[in-house]
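Enquirer: Take a look at this one; I'll ask things after.
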Amino acid sequence: MADRKSFQRGERVRVRNDFVSGHIRVPGHIRGKTGIVMAEGPLTPFSDAHAHVHAHGLEAVA
């Protein structure tokens, strides 16, 4: 994906604080929290997007 944000090791990041109806992937206790990127994994299908039939359902996972 050309428009995908690429994170760098050691970069400080914040978990999205999104609230949506239905199943969500981010546990409530980490929403809005900050952390440091340790590694970035390959693009994988984002299961929530597939469940909701979104066209752009790829996301990087660590």
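Enquirer: Calculate the spin-label point distance for Arg14 paired with Leu43, positioning each point 7 Å from the Cα along the beta-carbon direction, and give it in nanometres.
Expert: Taking the two extended label points, one gets 2.7 nm.
Enquirer: Cβ under 9 Å from Gly32's Cβ, Gly32 left aside: what net charge do those residues give with Lys, Arg +1 and Asp, Glu -1?
Expert: Details: positive: Arg14, Arg16, Arg31, Lys33; negative: none.
With Lys, Arg at +1 and Asp, Glu at -1, the neighbours total +4.
A short reminder: the numbers here are calculations on the coordinates, not readings from a lab. Quantities reported herein were computed from a predicted structural model and do not represent experimental measurements. Heads up, the Cβs are rebuilt from the backbone with ideal geometry, glycines too, and the neighbour counts pull from every protein chain shown.
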